[in-house]
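Before any comments, here is the structure.
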Amino acid sequence: MRFISLLASLLLVLSAAQPAHAITGKFVDDFEHPFVGLAVFYDEQGEFIGRCSGSLLSPTLFLTAGHCIEGADSARVYFQQGAGANFDPVTELDPVTGYPETCLSQPCTTSSELINYGYPAGFPNTRDAALLILDDPILLSEYGVLAEAGSLDALATRRGRQAIDFTVSGYGLSYTNPAKTISFRERLMASSRLVNLRSALTGGFNLQTTNNPGVGGGTCFGDSGGPVFYGGFSSNIIVGVTSFGLSSQVCAGVDFAYRTDQQELIDFILANTPEGEMVTIVEL
């Protein structure tokens, strides 16, 4: 999905901002997070308009980015690790999973209820979060859990930034250059390093990480809405949803995620959790 600048006054500053859409750098196949899915969006006529990543917090509650649902009327979500890995550019269909038009294998379902948290809004509080209520439950052995409000505040100091790594996960482009882009359409993950929590673009609402070569990995086209986990590859504690990137080159430099450890956002998620389901919130 395309990222639209949120404030006209920041157009010059954000001229290099791009929506975050796939794992790059030192990535590995992600079999650790079965609740991370590939969401495909359709307009009112049922036409494909884009794809993003996201996380199941309960059997029917799927967390993604607010900018992902702009212009969308419905969605379909795939949870296979290689959700679109067999995509045929001639037929424009994956014959194994049905991506992006139908569910030919499980787990996969649709969503006719898309709930925007308030995107677009101004910087730094972009409100770039949204929920999909799935039409059918996806029953898994584990789901993503949320860090309690304010969990990342202690990392705002330089000492804190050096203390912890993060893990990003999602689907989409993995290599980009001026002549060619490559997408495996598989769920991939990579380590990322914290850069900033307190700046004009973060301001306590966004998490800034780096995907510069040699650091680890980062996000690119297709990862928008995907989770940023606190800690290593085995962590399922979500502290942000991938939002946008800022770089003079495509999918390099710094990434920004909208922080989920905000009480207002947590309250929004809990208020929209389907009856009989539960979202887990943990202390770091």
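The values are calculated or read from the model by the stated rules, or taken from the named source; none is laboratory data. These numbers were taken from a predicted model, which means no experiment stands behind them. As a convention, Cβ positions derive from the backbone with ideal geometry for all residues, glycine included, and neighbour counts pool all protein chains shown.
Below, the figures for the structure above:
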read-out: Close pairs from the range 136-152: first assigned to a strand (DSSP E or B), partner of a type in the set (Ser, Thr, Tyr), Cβ under 9 Å, at least 6 apart; value: Val145/Thr280; Leu146/Thr260; Leu146/Thr280; Ala147/Tyr230; Ala147/Thr260
read-out: Test: Asp94 is touching a Phe, Trp or Tyr at 6+ places or on another chain (Cβ under 8 Å) and either modelled with pLDDT under 95 or buried (at least 17 other Cβ atoms within 10 Å of the Cβ) (or both); value: yes
read-out: Residue within the range 156-165 that is assigned to a strand (DSSP E or B), buried (at least 16 other Cβ atoms within 10 Å of the Cβ) and at pLDDT 80 or above present; value: yes
read-out: Candidates Gly231, Gly204, Gly226, filtered to the one that is at pLDDT 90 or above and under 18 Å from Pro124 (Cβ atoms); value: Gly204
read-out: Search result, residues across the range 235-254 that are hydroxyl-bearing (Ser, Thr, Tyr) and at pLDDT 95 or above; value: Ser235
read-out: Residue in the range 44-57 that is out of contact with any strand residue (DSSP E or B) (no Cβ under 9 Å at 6 or more places or on another chain), of a type in the set (D, E, K, R), at pLDDT 95 or above and in the same structural domain as Val96 (by TED's automatic domain parsing) present; value: yes
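Matching residues to (1) more than 12 Å from Phe79 (Cα to Cα); (2) in the same structural domain as Gly225 (by TED's automatic domain parsing); (3) not in a loop (DSSP other than H, G, I, E, B):
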position: Pro100; (1), (2), (3): yes, no, no
position: Ser105; (1), (2), (3): no, no, no
position: Thr110; (1), (2), (3): no, no, yes
position: Glu113; (1), (2), (3): yes, no, yes
position: Gly118; (1), (2), (3): yes, no, no
position: Gly122; (1), (2), (3): yes, no, no
position: Arg127; (1), (2), (3): yes, no, no
position: Leu131; (1), (2), (3): yes, no, yes
